Amino acid sequence: MINIVLFQPEIPQNTGNIMRTCLGTGVKLHLIKPLGFSLDDKYLKRSGLDYFGKIDYELYDNYDEFCFKNKGIFYFITRYGKKPPISFSYIGKENIYFIFGSESSGVPKSILQKNINNCIRIPMTTKIRTLNLSNCVSIIIYEVLRQKNYKDLSLVEPFKGSDYLEN
């Protein structure tokens, strides 16, 4: 199972967008407190649209609780990583967790240092520090899904039908 972990997210719109992406890709979301918003936040729900009640997510009081309750391979997405996402093979791996830090400060250095071999950097120009958090999550999810040949995802539009463009 693919898991996205948000370590102390601050911006409700990012988390709402990530929730929608997780629902659309069959990925579980984990949120580590403190959150910079309430889960009742209107911006969070607006970003998640009408899918909010369908999201598979879990909330944790802190990083230690998250680690205690979840076993698997942890990858850390950080601008300080030295390996791009394609450096890892996700095929045949169960319970993989991609941990993203808060928008303003990322994952704490002490955690990254203990997991340096699993730190991933999304390649980008030297003109910016980082990409938007919800964009980063999408990039990682779709790299994993690409490697797994989009297993369990529909390759046709489910609401208007696969022949919509032909008619």
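The values are calculated or read from the model by the stated rules, or taken from the named source; none is laboratory data. What you see is a predicted model; the values in this text were computed from it and never measured. Neighbour counts are summed over all protein chains in view; Cβ atoms, including those assigned to glycine, are modelled from backbone coordinates with ideal geometry.
Points to keep in mind about this one:
- Filtered residues of segment 134-166 (kept if surrounded by fewer than 10 Cβ atoms within 10 Å (Cβ to Cβ) and either part of a helix (DSSP H, G or I) or among the acidic types (Asp, Glu) (or both)): Asp152, Asp163, Glu166
- Any chance Gly101 is crowded, with 18+ Cβ neighbours inside 10 Å, under 26 Å from Thr125 (Cα atoms) and over 16 Å from the mean Cα position of the chain (by Cα): no
- Restricting segment 49-100 to residues that are of a type in the set (Lys, Arg) and touching a strand residue (DSSP E or B) at 6+ places or on another chain (Cβ under 9 Å), the residue that is modelled with the lowest pLDDT is Lys93.
- The single residue among Ile86, Ile111 that is touching a helix residue (DSSP H, G or I) at 6+ places or on another chain (Cβ under 9 Å), exposed (fewer than 15 other Cβ atoms within 10 Å of the Cβ), on the phi < 0 side of the Ramachandran plot and assigned to a helix (DSSP H, G or I) turns out to be Ile86.
- Filter result (touching a helix residue (DSSP H, G or I) at 6+ places or on another chain (Cβ under 8 Å) and assigned to a loop (DSSP other than H, G, I, E, B)) within segment 116-133: Ile122, Thr130, Leu131, Asn132
- Taken over segment 114-130, residues that are under 17 Å from the mean Cα position of the chain (by Cα) and either exposed (fewer than 14 other Cβ atoms within 10 Å of the Cβ) or within 17 Å of Ser89 (Cα to Cα) (or both) amount to 6.
- Cross-chain or 6+ apart pairs with Cβ under 9 Å, segment 7-20 first and closer than 21 Å to Cys67 by Cα, then among the acidic types (Asp, Glu) and assigned to a helix (DSSP H, G or I): none
- Conditions (1) at pLDDT 95 or above; (2) in a loop (DSSP other than H, G, I, E, B); (3) surrounded by 14 or more Cβ atoms within 10 Å (Cβ to Cβ); (4) out of contact with any helix residue (DSSP H, G or I) (no Cβ under 6 Å at 6 or more places or on another chain): number failed by Leu35: (1)
- All positions within segment 122-167 that are over 17 Å from Lys28 (Cβ atoms), in contact with a Phe, Trp or Tyr (Cβ under 7 Å, 6 or more places away or on another chain) and not acidic (Asp, Glu): Leu133, Cys136, Gln147
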